[in-house]
Amino acid sequence: NLLPEYREPEQKAREQRSDLETFIMRQRFEANPGLQVTPIEKIILPTRSRDELPAILIGLQWTWTHPTLKEELFALLEARVMANKKATGRPGMDLWQILVLGVVRLGLDADWDRMEDMANHHTLLRQMLGLPAMPWGEGAKTFNHQTLRDNVALLDEDLLREINARVAAAGREVFAKKVGAPVPALEIKVDTYVLETDVHFPTDLNLLWDAGRKCVDLIEKYRDQLGYELPGWRKAKDWRRRLKALERITSKTVYGGGANKDKRVRQAVKEYLDAGRQLSEKVAASLLSLCDQRALEAHWDGLAYFQGMLDKHLDLVERRLLKEETIPAAEKVFSLFEPHTEWIQKGKQRPNVELGHRLLVATDQNGLVQDYDVPVGAVDVDQSVPVADRLLGRYGSGSVASLSFDKGFTRAGDRELLSLYVPTVVMPKRGKKNAQETECESQKKFVALRKQHSAVESDINALEHHGLNRCLDLGLEGYRRYVGYGVLAFNLHVIGRRLVELGQVGSEPKRAAA
């Protein structure tokens with residue numbers, strides 16, 4: 001009830017606030033989506049489909065309708081994604097859309113081309129994104145390839161870890177026997193497997209070729225597309241063909257057989273190294289030219305990196321094949337494009353070598369991933385105490401009923417320490433056991449939990465089908481983000497399937513008989 005002289009300024013202030021809200025850079029979800037958009041809680045999802053997508057969308061719908069989880073996730077997303085950002089500007093992709101697209105991509109093990117098609121044309125997915133089911137018509141919202149990549153990458157490893165922790169904790173309620181009943185203590189199974197990076201099998205010969213051809217590729221790009229003056233590269237394509245031919249000849253000679261092999265190997269390696277050194281000298285001259293032209297720092301650094309890798313592998317090839325030295329592991333690089341890649345041998349017969357990182361997974365009795373980690377450079381035996389510490393710190397004392405590991409985690413001191421906080425610790429001893437150890441590992445509960453431990457292998461196999469078989473994102477940061485999205489997609493898929501079993505999709509919650 002404002003006086004007339006105050007009504008007009010107040011109306012203007014309201015309009016200004018409304019305009020600010022209209023042009024805010026990013027929002028949780030479209031507040032006024034229009035008549036063509038189905039509310040997420042009312043989307044009818046198929047319950048008889050055996051495809052992964054409906055179960056994942058059911059899990060996402062459960063997240064949206066959960067009394068507390070939705071608000072917690074949006075609070076986390078706003079605090080991280082929108083921190084230190086301007087309040088105005090072009091509207092970005094909604095936070096809910098970012099989360100949905102990242103989850104669906106890993107849940108379906110899809111590439112970005114498929115995701116672009118699905119985000120623009122898949123009816124159920126567009127409804128879950130809060131968009132009209134059909135992308136046709138004036139002003140219809142569609143996404144392009146680069147928009148999807150850039151926005152999904154906004155969620156980092158730490159944020160996804162917090163989201164996963166909250167989803168896994170809330171998901172335990174879905175598996176309770178009765179509504180409102182206390183959830184049972186966790187029975188955790190821990191194991192690791194190798195999530196591979198997207199690299200080819202490395203040899204010092206093909207890594208030398210990788211470095212050389214990337215130098216030529218970048219020089220052609222800087223000269224032809226970006227307009228830098230780089231003389232002396234009229235025969236750039238010939239350099240690439242020549243280096244590749246020498247790499248093939250040298251590899252065939254080194255890894256093949258035949259008479260006078262040592263002599264033929266030395267001759268082929270010398271010719272390969274001579275061509276590589278000539279190329280390195282030309283690239284070094286081009287680096288000086290780029291410096292004189294004040295090229296962009298990123299362009300100069302990119303070429304300098306591959307020129308450095310070229311010199312490094314020229315040295316390694318010469319030392320190994322001509323000087324017959326043994327190269328220390330610390331000096332080896334297993335990929336020029338993913339230099340964080342590790343060479344891992346877990347004692348398996350096939351494959352005997354894996355390229356990537358260990359991914360630690362801790363699943364509970366319901367198949368939910370309650371904890372995960374990427375211990376770069378670490379081994380299994382050092383991981384038992386950290387995973388227990390994270391779980392007990394999250395859920396509190398007495399929340400973990402049992403912890404089971406395989407023999408790769410076994411360490412007597414760690415087993416004794418964990419036994420102080422966890423009632424049952426299954427950590428079989430490696431090697432010969434004395435009478436007391438044999439009696440301890442023969443107890444009925446120990447044997448039962450050890451047999452149940454194999455269920456984690458099934459969970460790992462399911463994770464591999466949710467994209468966590470080979471990481472397609474670049475860099476260690478992208479690798480960790482990829483893992484976070486994959487674990488979240490897996491947990492939502494498990495929750496979605498459980499909701500279908502209970503008949504809680506598209507209707508009031510019902511509980512199956514206990």
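The values are calculated or read from the model by the stated rules, or taken from the named source; none is laboratory data. Values in this document were obtained by computation on a predicted structure and should not be read as measured data. No Cβ is skipped: glycine too gets one built from the backbone with ideal geometry, and neighbour counts run over all protein chains shown. The protein model used for the area step is the full one, side chains on, heavy atoms only, and it has no ligands, DNA or RNA in it. Shrake-Rupley method; radii C 1.70, N 1.55, O 1.52, S 1.80 Å.
Worth pointing out:
- Residue list for region 254-274, filter: of a type in the set (A, V, I, L, M) and closer than 16 Å to ARG320 by Cβ: VAL254, VAL265, ALA268, VAL269, LEU273
- Extreme residue, most open to solvent (accessible area, probe 1.4 Å), among residues of region 303-340 that are farther than 24 Å from LEU290 by Cα and touching a Ser or Thr at 6+ places or on another chain (Cβ under 7 Å): PHE334
- Total residues in region 424-453, condition part of a loop (DSSP other than H, G, I, E, B) and closer than 20 Å to VAL381 by Cβ: 8
- Pairs with Cβ under 6 Å, 6+ apart, first in region 265-278 and free of Cβ contacts under 8 Å to residues at least 24 places away in the same chain, second in a helix (DSSP H, G or I): ALA268/ILE249; ALA268/THR250; ALA268/THR253
- Number of positions in region 449-495 that are touching a Cys at 6+ places or on another chain (Cβ under 8 Å) and over 20 Å from VAL100 (Cβ atoms): 1
- Selection count where residues are aliphatic (A, V, I, L, M) and modelled with pLDDT of 90 or more, scope region 218-229: 2
- Residue ranges of helices (runs of 4 or more DSSP H) in region 47-166 with at least 1 members acidic (Asp, Glu) and within 19 Å of the chain's Cα centre (by Cα): 52-65, 112-121, 145-152
- Cβ-Cβ contacts under 6 Å between residues 6 or more apart (or on different chains), taken from a first residue in region 110-126 that is within 20 Å of ILE40 (Cα to Cα) to a second residue that is surrounded by fewer than 20 Cβ atoms within 10 Å (Cβ to Cβ) and of a type in the set (Ser, Thr, Tyr), are listed as ASN120/THR142.
- The lone exception for CYS440 - which of (1) in contact with a strand residue (DSSP E or B) (Cβ under 6 Å, 6 or more places away or on another chain); (2) exposed (fewer than 15 other Cβ atoms within 10 Å of the Cβ) it fails: (1)
- When ALA388, ALA401 are checked against the criterion of being small (Gly, Ala, Ser), crowded, with 21+ Cβ neighbours inside 10 Å and not in a loop (DSSP other than H, G, I, E, B), ALA388 stands alone in meeting it.
- Taken over region 404-416, residues that are open to solvent by less than 20 Å² (accessible area, probe 1.4 Å) and either of a type in the set (A, V, I, L, M, F, W, C) or without any contact (Cβ under 8 Å) to a residue 12 or more places away in the chain (or both) amount to 2.
- Selection within region 188-219: residues that are of a type in the set (Asp, Glu) and touching a Leu at 6+ places or on another chain (Cβ under 9 Å). The member of this set that is farthest from LEU336 (Cα to Cα) is ASP191.
- Cβ-Cβ under 6 Å pairs, at least 6 apart or on other chains, region 37-51 side touching a residue at least 24 places away in the same chain (Cβ under 8 Å), far side open to solvent by 60 Å² or more (accessible area, probe 1.4 Å): GLU41/THR65; ILE44/GLY506
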